[in-house]
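Okay, structure first, notes after.
Here, each number is a calculation from the coordinates, and none is a lab measurement. Note that the structure is predicted; figures quoted are calculated from it, not measured. Because the Cβ atoms are built from the backbone with ideal geometry, glycine has one as well, and the counts that use them run over all protein chains shown.
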Amino acid sequence: MTADLTESAFLAVCRGERPTHVPVWFMRQAGRSLPEYREIRGPGSINHAIANPDLATEITLQPVRRYGVDAAILFSDIVTPVHAIGFGIDIKPGVGPVAEKPIRSAEDLSRLRVLDPDVDMPYVLETVRNLVTELDVPLIGFAGAPFTVASYLIEGGPSKNKALTKSMMLNEPALFAEILDRLADMAIASLTSQVQAGASAVQLFDSWAGCLSPHLYESHVLSASQKIFEAVASLGVPRIHFGINTGELLPLMRSAGADVVGVDWLVPLDVARARLGAESILQGNLDPVLCLAEVPQVEAEVRRIIASNDGNDRWIFNLGHGVLPETNPEVLERVVDVVHAEGHLAWA
Ligand code: CP3
């Protein structure tokens, strides 16, 4: 049975309606900080767990059960579609996505073929279909934004300063644009299939866009992300746009077209609203590193963020980035409780 989500606080905020309470969920809520995850995940690459719908379903449900969050996020990864088309990318534990043969020239483009989600990643869609029969909160589907995924494909793995990516952007702008365009089409196909299988909202992760100046973001990256938000608009589900270190990029990211904009901990919520307009819908912005502190200190920080929201009901509480593996789940349980009990008390 599919749950009735008409009362969902998360979806209400995404639609610009006043919810019953401030909704909360955590990026990377499904994963290594949970002992019940470590117990069932199995060894090796998480690609194995992602390709197993029963396991991926259970991992997605675990944080919803434990924390009582207002949304679930699909257990998958931003490089799953690229992996599924056989590009040659793995996710190494403790490292992240690693490409066997990074993109160095136009010849490598042949490995970045069109994604057919039903054929290439049927296990992801089976997980989504399983989840919507089990969940009583909305399921968030997601994709990696073209720039962030491209950075892994060009660098060959995680990288501090994205030197090869930025060099290609300047030296070979046509090749760079073609990579981003193909990744945009892949994200569109992936997000569309997730929504058709039952996801209630989508988030585009542009985690590393914040390494770009507004000029470079606008001239080399914005249009590919814009293409995605335009294409998925007709699916009729809320669209969230996320990045970190993006304080200076917020207006440009908003112009990409999402309904909800992620804010990291470097930008107070009221400052973000001054940049984006009071009517903008924000998601954020507790520093995940602070969740390693003791419960009373974290609670005080949550209350400070509630105050910085300045009584605005267009807000989804989240971390500014993903849950760190060493986080004590009891801290996140308390964060949910405080947001649910106190988040709406200051509403204007
Ligand atoms: O709980 C969730 O948010 C849902 C699932 C999810 C994963 N990755 C599972 C995962 C989501 C939404 C992602 C997104 C993702 N993956 C991003 C964007 C968000 C962000 O954090 O900026 C990025 C950049 C990646 C790429 C990636 N995958 C990295 C950098 C890592 C960490 C590597 C490590 O082990 O330190 C991964 C692996 C990964 N993806 C894990 C999980 C639960 C941890 C790995 C494990 O169990 O081996």
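Which value, in debye to the nearest 20, gives the size of the charge dipole of the chain about its Cα centre, when Lys and Arg are +1 and Asp and Glu are -1 at the Cβ?
Dipole about the Cα centre, nearest 20: 600 debye.
If packing is taken as the average count of other Cβ atoms within 10 Å, what order do 158-164, 115-121, 56-62 fall into, highest mean first?
56-62, 115-121, 158-164
Determine the calculated [θ] at 222 nm for the chain from helices alone, applying -39500 (n - 2.57) to every DSSP H run no shorter than 4 residues and normalising by the residue count; nearest 500 deg cm²/dmol.
Value at 222 nm, helices only, nearest 500: -13500 deg cm²/dmol.
Which order, highest average first, do 303-312, 249-258 follow once you tally other Cβ atoms within 10 Å for each residue and take the mean per peptide?
249-258, 303-312
Of Ala143, Ala224, Asn318, which is farthest along the charge dipole of the stretch 9-342 in the positive direction, counting Lys and Arg as +1 and Asp and Glu as -1 at C-beta?
Of the listed residues, the answer is Ala224.
Could you give the Stokes-Einstein D for the stretch 202-269 in µm² per second, using the C-alpha Kirkwood radius, 4 °C, 1.567 mPa s?
Values: Rh = 12.0 Å.
Estimated via Stokes-Einstein, D reaches 108 µm²/s.
GNM on the chain, C-alpha springs below 10 Å: top fluctuator among Ser33, Ser190, Ser225?
The residue with the greatest mean-square fluctuation here is Ser33.
Of Ala307, Pro23, Val128, which is farthest towards the positive pole of the chain's charge dipole, taken about the Cα centre with +1 and -1 on the beta-carbons of Lys, Arg and Asp, Glu respectively?
Ala307
If you rank Cys14, Cys291 by fewest surrounding Cβ atoms within 10 Å, what's the result?
Lowest to highest Cβ neighbour count: Cys291, Cys14.
Relative contact order, percent, of the chain when contacts are C-alpha pairs under 8 Å separated by at least 6 residues?
This gives 20 percent for the chain.
Could you compute the net charge surrounding Ala3? Neighbours are other residues with a C-beta less than 9 Å from the C-beta of Ala3; K and R count +1, D and E count -1.
Counting the neighbours of Ala3, the net charge comes to -3.
Mind sorting Leu266, Leu319 by how few other Cβ atoms lie within 10 Å of their own Cβ, fewest first?
Leu266, Leu319
Within the chain, how many Lys pairs sit with Cα atoms under 22 Å apart, leaving out pairs fewer than 8 places apart on the same chain?
For the chain, qualifying lysine pairs total 7.
Between rounded, prolate and oblate, where does the stretch 141-195 land on the alpha carbon gyration tensor, with a ≥ b ≥ c its root eigenvalues, rounded for a/c under 1.5, else prolate if a/b exceeds b/c? Display every interim value, and only then the final one.
Values: a/c = 3.75, a/b = 1.71, b/c = 2.19.
The shape class here is oblate.
Identify, among Asn47, Cys211, Val339, the residue whose Cα sits farthest towards the positive end of the charge dipole of the chain, taking +1 on the Cβ of Lys and Arg and -1 on the Cβ of Asp and Glu, with the dipole about the Cα centre.
Final value for the positive-end residue is Cys211.
Taking springs between alpha-carbon atoms closer than 10 angstrom, which of Leu332, Leu292, Leu131 fluctuates most in the Gaussian network model of the chain?
Of Leu332, Leu292, Leu131, the Gaussian network model singles out Leu292 as fluctuating most.
What is the magnitude of the charge dipole of the stretch 39-175 about its Cα centre, with +1 placed on the Cβ of each Lys and Arg, -1 on the Cβ of each Asp and Glu, and no other charges, expressed in debye to the nearest 20? Could the numbers behind the result be given before it?
Values: 12 positive and 17 negative charges, 115 e Å.
Magnitude of the dipole: close to 560 debye.
What whole-number distance in Å separates the alpha-carbon centres of the stretch 83-146 and the stretch 269-348?
30
Specify whether the C-alpha gyration tensor of the stretch 43-92 places it in the rounded, prolate or oblate class, a ≥ b ≥ c being the square roots of the eigenvalues: rounded for a/c under 1.5, otherwise prolate if a/b is larger than b/c and oblate if not. Walk me through the numbers before you get to the answer.
Numbers: a/c = 2.78, a/b = 2.16, b/c = 1.29.
Prolate, since a/c reaches 1.5 and a/b exceeds b/c.
State the Cα centre-to-centre distance between the stretch 158-233 and the stretch 1-58 in whole Å.
Answer, in whole Å: 23.
Computed over the Cα atoms of the chain, what is the convex hull's projected area averaged over all directions, in nm²?
It is 15.6 nm².
For His344, enumerate residues with amide H under 5 Å from its amide H, sequence gap 5+ or separate chain, H modeled in the peptide plane.
Here the answer is Val22, since their amide H atoms fall under 5 Å of that of His344.
If you restrict to DSSP beta bridges whose two residues both lie in the chain, what percentage is antiparallel, to the nearest 5?
Just about 15 percent of them are antiparallel.
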